[in-house]
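K.L.:
I am attaching a structure below and will ask some questions about it afterwards.
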Amino acid sequence: MIFVTVGTPIHDFSRLVKGIDDLVTSKKIKEKVIVQLGYTKYIPKNCEWFRFAKPGKIEKLCKKCRIYISHGGIGSLMMPLEYKKPVIAVPRLKDFGEHVDNHQLQIVKELEKQGKIIAVYDINKLEAAIRNAGKMKIKYKKRQSRIIGIIEKFLEDCQK
């Protein structure tokens, strides 16, 4: 199963949703696709979809999916990496009216440079990205925050 999330920004992200739906319609994607639409205007004809869900549902879909496709929001990109899922990120772009600026482009470029995700800047390259996602080696190790490490060490020392 492929899970697609556009997050919760109030801007439309039909470019991604229609791109996925077109691949399903043309049978270039043959597996089940579930899409979280948010405020997107385009309604997929060949994918299961919902607008919003509690984080628990998103996490269940993330754990269950074979490939996770997301907008470029950092919050949406971290969870699948923690679960070692191949991530395809399509940044929302200001030029398409998908966000107020291009900060997602910066996030996606950095994570792509680190080898953590497959970036798609041109929606016509989405099919190739999906083909390549299955071969992807996940390069992600969750870092513990320094403050948590300090607190844990303090507690260990208190128990001695």
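The rows are residues; the columns are (1) assigned to a loop (DSSP other than H, G, I, E, B); (2) small (Gly, Ala, Ser); (3) touching a residue at least 24 places away in the same chain (Cβ under 8 Å).
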residue	(1), (2), (3)
HIS11	yes, no, yes
ILE20	no, no, yes
LEU23	no, no, yes
LYS30	yes, no, no
LYS45	yes, no, yes
PHE52	yes, no, yes
LYS57	no, no, no
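K.L.:
Quick check, is ILE34 buried (at least 17 other Cβ atoms within 10 Å of the Cβ) and in contact with an Asp or Glu (Cβ under 6 Å, 6 or more places away or on another chain)?
P.N.:
Here the answer is yes, as ILE34 does meet what is asked.
K.L.:
So how many residues does the range 1-32 have that are aliphatic (A, V, I, L, M) and in contact with a Pro (Cβ under 8 Å, 6 or more places away or on another chain)?
P.N.:
So the count comes out to 3.
K.L.:
Condition check: surrounded by 21 or more Cβ atoms within 10 Å (Cβ to Cβ), under 12 Å from the mean Cα position of the chain (by Cα) and more than 14 Å from GLY7 (Cα to Cα). Does ILE117 satisfy that?
P.N.:
When the stated conditions are applied, ILE117 passes them.
K.L.:
So which residues in the range 1-22 are surrounded by fewer than 18 Cβ atoms within 10 Å (Cβ to Cβ), in contact with a Phe, Trp or Tyr (Cβ under 8 Å, 6 or more places away or on another chain) and hydrophobic (A, V, I, L, M, F, W, C), if there are any at all?
P.N.:
Matches in the range 1-22: ILE10 only.
FYI, it's all coordinate maths here, none of it is from the lab. Since the model is a prediction, treat every value here as computed from it, not as a measurement. A quick note on method: Cβ atoms are made from the backbone with ideal geometry, for glycine too, and the neighbour counts reach across all protein chains shown.
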